[in-house]
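First up is the structure itself, then whatever we jot down about it.
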């Protein structure tokens, strides 16, 4: 995600939303000011999280969401915030 997505609780609220949806994976800030995440779970729930990511928390101003489908890894037991 790009835009104003760092310093606005984007990672924390994304993790909360992913957990609410029963997804596993992670979210992290990138040095260029964007946010990256990987989510695994039921496809409809992943799609719901991606729709949420288009606006994020109230203070965020998301300008672009890029989606890349990947094969599930099964490595994550829950959804975490990476540093």
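Every read-out reported here was derived from the displayed coordinates using simple, explicitly stated rules and does not represent laboratory data. Owing to the predicted nature of the structure, the values given are computational and were not obtained by experimental measurement. In this analysis, Cβ positions are derived from the backbone assuming ideal geometry, glycine residues included, and neighbour counts consider all displayed protein chains.
Can you compute the label reach from residue 66? Point 7 Å from Cα along the Cβ direction, backbone N cut-off under 15 Å, restricted to the stretch 3-20.
The answer is 3, whose backbone nitrogens lie closer than 15 Å to the label point.
Take every Cα pair under 8 Å in the stretch 2-81 that's 6+ residues apart, average their separations, divide by the length, and report that relative contact order as a whole percent.
So the answer I get is 43 percent.
Quick check: the angle from helix 43-53's long axis to the longest principal axis of the chain, C-alpha only, nearest 10 degrees?
The helix 43-53 is inclined about 10 degrees to the chain.
Can you tell me how the chain classifies by the Cα gyration tensor, rounded, prolate or oblate, using a/c under 1.5 as the rounded cut? Can you show the working numbers first?
Details: a/c = 1.59, a/b = 1.51, b/c = 1.05.
Prolate, because a/c is 1.5 or more and a/b exceeds b/c.
Taking the chain as the reference, fit the longest principal axis to its C-alpha atoms, fit the long axis of helix 10-20 to the helix C-alpha atoms, and give the angle between the two in degrees, 0 to 90, nearest 10.
For helix 10-20, the angle is close to 30 degrees.
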